[in-house]
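Remarks on the structure that follows.
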Amino acid sequence: MSEEDAARLRAELHSPIRAVREAAVAQIVELYDTQTTRLLTEALLSSTPEVRDKAILTLAKLITSDDDMLALGAARPLAQAGALDALAEAYSRGTTEVRLSAALLAGACADPRALELAEQALGDTDVHVRALAMELVARLRVM
């Protein structure tokens with residue numbers, strides 16, 4: 001992706017038109033390269049819940065990739081963006097898949113408040129979210 005394309009997509013993520021923001025995040029997902037995780041992190045901070053959810057689900061897939069460079073590339077922008085507030089909001093109102101992904105990404109944020117979100121997820125209604133939360137709480141408490 002060229003710098004021009006990245007700049008255009010970045011501008012579209014902040015468009016006042018919801019459909020433009022949603023189309024931008026869809027295009028970012030299709031064009032994965034080194035700019036993608038940064039743009040997805042920006043999409044995570046969007047004011048549109050659907051855009052945030054798509055970014056969360058996609059970043060979670062990248063962060064759990066078997067490709068260590070891809071996983072690290074997805075985690076680093078999260079830590080730099082201070083994305084925990086957006087993840088906590090998405091967790092509080094999301095579907096099971098979004099809650100699971102938000103909890104996973106919170107653990108990768110390198111934000112000390114991630115433990116709070118992981119502890120909240122211990123009481124989730126879904127067994128998979130609770131299992132992930134137990135793993136995250138154990139890992140985050142030793143950090």
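Which pairs do you get when a residue that is closer than 19 Å to Thr41 by Cβ and touching a residue at least 40 places away in the same chain (Cβ under 8 Å), found in the stretch 108-135, comes within reach of a residue that is among the hydrophobic types (A, V, I, L, M, F, W, C) and surrounded by 14 or more Cβ atoms within 10 Å (Cβ to Cβ), reach meaning Cβ atoms under 7 angstrom, with the pair 6+ apart or on two chains?
Partner pairs satisfying both residue conditions: Ala108/Ile63; Ala108/Ala75; Ala108/Leu78.
For the stretch 99-107, indicate whether the set of residues that are at pLDDT 85 or above, part of a helix (DSSP H, G or I) and over 15 Å from Ile63 (Cβ atoms) is non-empty.
Within the stretch 99-107, one or more residues are at pLDDT 85 or above, part of a helix (DSSP H, G or I) and over 15 Å from Ile63 (Cβ atoms).
List every residue pair whose Cβ atoms sit under 7 Å apart, with the two residues 6 or more apart in sequence or on different chains, where the first one lies in the stretch 4-25 and is over 16 Å from Leu45 (Cα atoms) and the second, anywhere, is not in a helix (DSSP H, G or I).
Ala6/Gln35
Counting only residues that are exposed (fewer than 15 other Cβ atoms within 10 Å of the Cβ) and of a type in the set (Gly, Ala, Ser), which one in the stretch 80-98 is modelled with the lowest pLDDT?
That would be Gly82.
A quick yes/no check of all residues on (1) modelled with pLDDT of 75 or more; (2) acidic (Asp, Glu); (3) within 11 Å of the chain's Cα centre (by Cα); (4) buried (at least 16 other Cβ atoms within 10 Å of the Cβ):
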site	(1), (2), (3), (4)
Ser47	yes, no, no, no
Arg52	yes, no, yes, yes
Ile56	yes, no, yes, yes
Leu62	yes, no, yes, yes
Ser65	no, no, no, no
Leu72	no, no, no, no
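The values are calculated or read from the model by the stated rules, or taken from the named source; none is laboratory data. Since this is a predicted model, take the numbers as computed values, not measurements. Here Cβ is always computed from backbone atoms with ideal geometry, including for glycine, and neighbour counts include all displayed protein chains.
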